[in-house]
Amino acid sequence: MAKGASFLKLLNFYLGQEGFRDSMRIYFKTYAERSTTLSDFVNTLSQNTDQTLAPWFSTWLQKPLASIRFKLVGPVRWTTN
């Protein structure tokens, strides 16, 4: 599986199906037929889920996957080392 697909699956798990799905609907409705940036995507998800996602995005998208260490800290809360 490609890193992008893995990232979206992990994001779905992290936010929960309902939060992820609602955020995606808002994102697509807001930015239909427009160019967007990663910041637009991050801000939409953050605002809709009341979570600060910028550091999480930075960890998962701007570092090689092999350098990321993570552990499950509860049912759906992840931290990175």
Length gained when the stretch L61-Y31 is fully extended (0.36 nm per residue, less Cα-Cα span): 8.7 nm
- prompt: Label-point separation (nm) for F41 and A54, each offset 7 Å from Cα along Cα-to-Cβ?
  reply: 1.7
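Bear in mind that the values in this text are calculations on the coordinates, not laboratory data. In this text the structure is predicted, and so the values were computed from the model without any measurement. Note: ideal-geometry Cβ built from the backbone for every residue, glycine included; neighbour counts use all protein chains shown.
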